[in-house]
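As structure tokens, the structure follows; a few thoughts come after it.
The values are calculated or read from the model by the stated rules, or taken from the named source; none is laboratory data. Just so it is clear, the model here is predicted, and its values are computed rather than measured. Neighbour counts run over all protein chains shown; Cβ positions are idealised from the backbone, glycine included.
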Amino acid sequence: MPPKEETLKAKLLAQAEEAIEAMLNSPEVHPEMTLSEMERAVGALGGHLEQQIMQELVNTSQGQGTKLCPECGGKLRHKGKRPKRVETVRGEIEVERDYYTCVECGTGYFPPG
């Protein structure tokens, strides 16, 4: 496994461990739980973990776009990152996207992702 993937895996495992620990130590989890209460606790944990994983995958995928203008083929100049809140099927996440402008024609561009 490449080092970048190992780092991501370690971060996700640490986040999952923290979330599981928090769930197990919450007052909602107790020996007399009903099946419905268990389903709610596990469902909430699963939703939380899905959202965290989605956020980390988005964070690590940034910067993979082209460096040429889609309009004229000119060179793109990196102008920083711009945050945006996005609603996904796994919950709301923040996407920090690279923003570029074309040196030739001045067109602004967000790489796909």
> Looking at (1) in contact with a helix residue (DSSP H, G or I) (Cβ under 8 Å, 6 or more places away or on another chain); (2) surrounded by 10 or more Cβ atoms within 10 Å (Cβ to Cβ); (3) of a type in the set (D, E, K, R), which is the only condition Glu21 fails?
Replying inline: (1)
>> Here is a check on your reading of the model: is Gly74 surrounded by 12 or more Cβ atoms within 10 Å (Cβ to Cβ), over 22 Å from Lys4 (Cα atoms) and in contact (Cβ under 8 Å) with a residue 40 or more places away in the chain?
In response: no
> Within the range 99-113, how many residues turn out to be in a strand (DSSP E or B) and at pLDDT 85 or above?
Replying inline: 5
>> I'd like to check something: does the range 88-96 contain any residue that is hydroxyl-bearing (Ser, Thr, Tyr) and within 22 Å of Pro111 (Cβ to Cβ)?
In response: yes
>> Restricting to the range 79-108, give me the number of residues that are over 22 Å from Gly46 (Cβ atoms) and polar (S, T, N, Q).
In response: 2
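Every residue, every condition in (1) part of a helix (DSSP H, G or I); (2) modelled with pLDDT of 90 or more, yes or no:
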{"site": "Leu12", "(1), (2)": "yes, yes"}
{"site": "Glu18", "(1), (2)": "yes, yes"}
{"site": "Val29", "(1), (2)": "no, yes"}
{"site": "Gln51", "(1), (2)": "yes, no"}
{"site": "Met54", "(1), (2)": "yes, no"}
{"site": "Val58", "(1), (2)": "yes, no"}
{"site": "Pro83", "(1), (2)": "no, no"}
> Which one of these is exposed (fewer than 10 other Cβ atoms within 10 Å of the Cβ), over 30 Å from Gly108 (Cα atoms) and among the hydrophobic types (A, V, I, L, M, F, W, C): Met38, Met1, Met33?
Replying inline: Met1
> Do we have any residue at all in the range 33-49 that's in contact with a strand residue (DSSP E or B) (Cβ under 9 Å, 6 or more places away or on another chain) and either farther than 30 Å from Arg82 by Cβ or not assigned by TED's automatic domain parsing to the domain that holds Glu87 (or both)?
Replying inline: yes
